[in-house]
Structure formats: C-alpha cells, structure tokens
Amino acid sequence: MAATIIDGKARAASLRSEVAAGVADFVAAHGRAPGLTVVLVGDDPASNVYVRSKGKATTEAGMISGEHRLPATVTEADLLALVAALNADPAVDGILVQLPLPKHIDADRVIAAIDPAKDVDGFHPVNAGRLATGLAALVPCTPSGCLILIEDALGDISGAEALVIGRSNIVGKPMAALLTAKSATVTLAHSRTRDLAGHVGRADIVVAAVGIPAMVKGDWLKPGACVIDVGINRVTAADGTSRLVGDVDFASALPRAGSITPVPGGVGPMTIACLLANTLKAARARAA
Ligand code: NAD
C-alpha cells in the first residue's frame, strides 16, 4: 500500500492560525504586537526569497515585521552593533540573522551576540545547551516542524527507532535531541557513517537532512517507516528544466513507507510556521 503523503502546507497553515490567535490574545493583554526583526547581509537571491516570505508570514500572523538590509561589505563590528541595538529594543521579541553571512564575518560570534531570549532561530549556544539538557529553550524551527509532523503521523514515539541523517547544528543535532526527549531510540548518521542503508532499514522514523538529491533509496526503508525529508535540492533535467527534490528518492520510497513528506510542500512550510510560534513564545516569556 502506498504511503500517506504528509501535507506540510496544510499543517503549517493550521499552526499559523493557532499562532495568529495567540498573537491576538497577546495584543489584548499587553497592548502591543510581538515583533520579529530579520537582518539580511548582502544580496544572496535565496536568502532574499526567505526573508521576503518570513516578513509576509510575520505580518499575516498579526506581528510586527522588522527588516535590516546591510551591504555585503558591512563590517563585523557594525553588524554586532546592530544586534546589540536590537537586543536593547523592547519592541523586538525575536532577532533572526539570515545565514549564510559573508566570509569576513564570524557567524558563530554574531549568533552568540544575540540575546538568547530573542534567539528565535534557536542557534545560540545557550538555547542549544538548554535543549540538550532538557530545559525550556527556543528550539530550531526546522527540527521543531519535523517533530510536529512525526507526532501527527505516529502519535507516541516512545521506544521507536529513529534515524537522523545529517549532524548540522541547525537540523540534525537538534532533531536528535528532540527525538531523544520524546524517548525515541536515536541514531545520528553522518558523512562517516558505515552502512547507512543498514541503519535506514532498522528505523521506524527516518529524518534525512543531508543535501544530496535522492540519496536515500526506497528499498533501504523498513516497510511502514515514517520518512521526513528535510533536503531541498535543485536538480536540472536533460531538457534544461529544473525542479526541487529531497534527499529521499520519493518515487521508490512511496510504495514502501508508511508516511512521507513531499519536497516541496512537506518540511519547508513548517519551518516558517515554527519561526512564528517561536516569536510568540519569546514575546510571552519576555512579557511574563
Ligand atoms: P549541512 O550541509 O550543514 O549538513 C549536512 C550533513 O549531512 C552533515 O552533517 C554531513 O555529515 C551529512 N552528510 C553528508 N554526506 C553524507 C552522506 N553521504 N551520508 C550521510 N550523511 C552525510 O546541511 P543542513 O544545513 O543540515 O541542511 C541539509 C539539507 O536540508 C539541505 O538540503 C538544506 O537545503 C535542507 N534544509 C531545509 C530546510 C527546510 O526548511 N526544509 C531547513 C534547513 C535545511
């Protein structure tokens, strides 16, 4: 039987309306709307698209969207000064510095300069440490979205075998921490992992966050597995047309998986919805 295709767009829409309702309550209680400010350095076209859609989603949720566009030549000192000003601004609840940053700027230093209470990306070492130790934290948006989709599909995942492929700080590692907190038995695979197919074959849950088109083959999967495809890869066909594909070979996975996210329309929309949820959470914590 073919897998259930997980509709990330619909799930994200329902999360966004929950957030909008929470924002309306926040405004009624505090007389101001939560504010999310995005900082974009340079003119990377993909980052431009992300920043524009984040701004639109923020406004649609009833929040105040701020945007600072800095030239690619900005100094690290000037960027750090802007972050300090946003940290001090009471109207700003969430600060997001769009990555990647130009090479002359130390991204780790910039992330560490953001007030952890306003770190809606959840990348600050304080939030990463709080997540790892089971304390309340602002959690990175993409793995948060993946966890919602997994729990919608499977319910309680206590004791389930979960495989996360990819160990980045923004997806793989926090995903492994979230699944561990839900009492799954977690394996974190990466570029040095031996016998990836064998690991995939044992997993009830597979989260692929690698960036290699269609690397996970359908016949590797345990029948009925829940497959969450984080990868976003643009591939060009022989006729010159291009399209987005994930890290999982969707066509061969569909007949074998129990449930699977498509690319696009799976994890991607959840990321922005979780960013809005994080901004509301940060605003509530700051107002408490
Ligand atoms: P990254 O490049 O930082 O990390 C990739 C990880 O894959 C590394 O940990 C590496 O060890 C691992 N890896 C590389 N080759 C491998 C192999 N052959 N076998 C097993 N593991 C291997 O990437 P990232 O930032 O975590 O992003 C991963 C993918 O997810 C990219 O395609 C990115 O575009 C996408 N992404 C999507 C969203 C979204 O909202 N849907 C958000 C973030 C990232």
Return one whole number: the accessible area per residue of the chain in Å², for a 1.4 Å probe.
46 Å²
Label-point separation (nm) for A288 and S17, each offset 7 Å from Cα along Cα-to-Cβ?
2.8 nm
Projected-area mean, the chain, by convex hull of Cα positions, square nanometres:
15.8 nm²
Tally the DSSP beta bridges in the chain and give the antiparallel ones as a percent, rounded to 5.
10 percent
Please turn the phi angles of the range 190-200 into ³J(HN,Hα) values with the Karplus equation 6.51 cos²θ - 1.76 cosθ + 1.60 (θ = phi - 60°), one per residue in order, whole Hz, x for glycine and proline.
7, 5, 9, 5, 8, 6, 4, 4, x, 4, 4
Positive dipole terminus of the range 141-267, leading residue within H190, A253, M215 (C-beta point charges):
H190
Roughly how many Å² of H199 are accessible to a 1.4 Å probe, to the nearest 10?
50 Å²
Alpha carbon centroid spacing (whole Å) that separates the range 10-87 from the range 157-233:
30 Å
Suppose each label sits 7 Å from its Cα in the direction of the beta carbon; what would the R109-S158 distance come out to in nanometres?
4.7 nm
Which aspartates and glutamates have a Cα less than 19 Å from the Cα of K103, not counting those fewer than 8 places away in the same chain?
D43, D44, E76, D78
Excluding ligands and nucleic acids, what accessible area in Å² is computed for M175 using a 1.4 Å probe, to the nearest 10?
0 Å²
In nm, what is the difference between 0.36 nm times the number of residues separating L99 and V27 and their Cα-Cα distance?
22.9 nm
Please report, as a whole percent, how much of the solvent-accessible surface of the range 1-108 comes from carbon and sulfur atoms (probe radius 1.4 Å).
60 percent
Hydrodynamic radius (Kirkwood) for the range 141-267, which is based on Cα pairs only, to one decimal in Å:
14.3 Å
Give the cross-link partners of K182 among the aspartates and glutamates, using a straight C-alpha distance below 13 Å as the criterion and excluding same-chain residues fewer than 8 apart.
E151, D156, E161
Could you work out how far apart the two model spin labels at E151 and D7 are, taking each label as a point 7 Å from the Cα in the direction of the beta carbon, and quote it in nm?
2.1 nm
Gain on full stretching of the segment that runs from V235 to L80 - 0.36 nm per residue minus C-alpha separation:
52.1 nm
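The values are calculated or read from the model by the stated rules, or taken from the named source; none is laboratory data. All figures in this text were calculated on a predicted structure; none of them were measured in a lab. As a convention, Cβ positions derive from the backbone with ideal geometry for all residues, glycine included, and neighbour counts pool all protein chains shown. When the accessible area is computed, the model is the full protein with side chains, heavy atoms only, and any ligands, DNA or RNA have been set aside. Shrake-Rupley method; radii C 1.70, N 1.55, O 1.52, S 1.80 Å.
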